[in-house]
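The values are calculated or read from the model by the stated rules, or taken from the named source; none is laboratory data. Just so we're clear, the structure is a prediction, and the values are computed from it rather than from any experiment. Note that we place each Cβ from the backbone using ideal geometry, even for glycine, and neighbour counts take in every protein chain shown. In case anyone asks, the SASA skips ligands and DNA or RNA and just uses the protein heavy atoms, side chains included. Shrake-Rupley method; radii C 1.70, N 1.55, O 1.52, S 1.80 Å.
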Amino acid sequence: MKGGIHVNIPKLIEAAVAYDHGDARRIQHFLKVYAYADLIGQLEHLPADTQEILVTAAVLHDIGIHAAEEKYGSSSGKYQELEGPAIARKLLEPFSCSPSFTGRVCWLIGHHHTYTGIDGPDYQILLEADFLVNAYEDGLDKDAIRTFRDKVFRTSSGISLLNTHFDV
């Protein structure tokens, strides 16, 4: 990220809200994932460039849901991963991001339901932030939350937030 900030996050959120217009549930979801990703990233002291990639991916992580539903009749994670990166790329175009920045953001979007091969703190924290929100929204029981925590969570901040939120 040499040369400064790539993305004006409020403008990106505005574009993502416009893209998901009329779907308050999904807008609320990505805003919560963004908030948790930003919080965990800051608590974990991510470098500024990694933090920017993380929060950008968090805003756009589910941007492929509508296309997945249209194309496959399903919002399954694997279809979101297939459809999301191309849409994210279009939404990022006005920001003139570097190819490496856009590539990493799109790669994270294309893997945010894949819990193996985690290759960096941005990926790890995106998974944790998304799960924090999904666990609540899906009403998961404490056993399911503990199991996921033990298998996937790695950051001390994410673990602490999960344990405190769900008293596990």
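In region 113-168, counting only helices (runs of 4 or more DSSP H) that sit wholly within it, the ones holding 3 or more residues that are under 18 Å from residue 63 (Cα atoms) span 121-137. For region 84-96, a residue qualifies if it is modelled with pLDDT of 95 or more and more than 12 Å from residue 60 (Cβ to Cβ), and the qualifying residues are 93, 94.
Selection of first residues in region 99-118 that are on the phi < 0 side of the Ramachandran plot and of second residues that are of a type in the set (Asp, Glu) and buried (at least 16 other Cβ atoms within 10 Å of the Cβ), restricted to Cβ pairs under 6 Å at least 6 apart or on distinct chains, gives the following pairs, ordered by first then second residue: 110/81; 113/81. Pairing residues of region 125-146 that are polar (S, T, N, Q) with residues that are open to solvent by 60 Å² or more (accessible area, probe 1.4 Å), at Cβ distances under 9 Å and at least 6 apart in sequence or on separate chains, gives 134/140.
Take the residues of region 66-85 that are surrounded by fewer than 24 Cβ atoms within 10 Å (Cβ to Cβ) and of a type in the set (Gly, Ala, Ser): which is farthest from residue 108 (Cα to Cα)? The residue in question is 73.
Take the conditions within 15 Å of the chain's Cα centre (by Cα) and surrounded by fewer than 22 Cβ atoms within 10 Å (Cβ to Cβ) and apply them to residue 124. Does it pass?
Working: within 15 Å of the chain's Cα centre (by Cα): yes; surrounded by fewer than 22 Cβ atoms within 10 Å (Cβ to Cβ): yes.
Criteria met by residue 124.
The residues in region 95-112 that are in a helix (DSSP H, G or I) and of a type in the set (Gly, Ala, Ser) can be counted, and the count is 2. In the set (1) β-branched (Val, Ile, Thr); (2) outside any helix (DSSP H, G or I); (3) surrounded by fewer than 21 Cβ atoms within 10 Å (Cβ to Cβ), residue 63 fails one condition alone, (3). Out of 63, 27, 13, one residue alone is at pLDDT 95 or above and touching a Gly at 6+ places or on another chain (Cβ under 6 Å). It is 63. Taking every residue in region 15-36 that is within 15 Å of residue 57 (Cα to Cα) and pairing it with any residue that is open to solvent by 60 Å² or more (accessible area, probe 1.4 Å) and of a type outside the set (S, T, N, Q), at least 6 positions away or on another chain, the pairs with Cβ-Cβ distances below 7 Å are 29/137.
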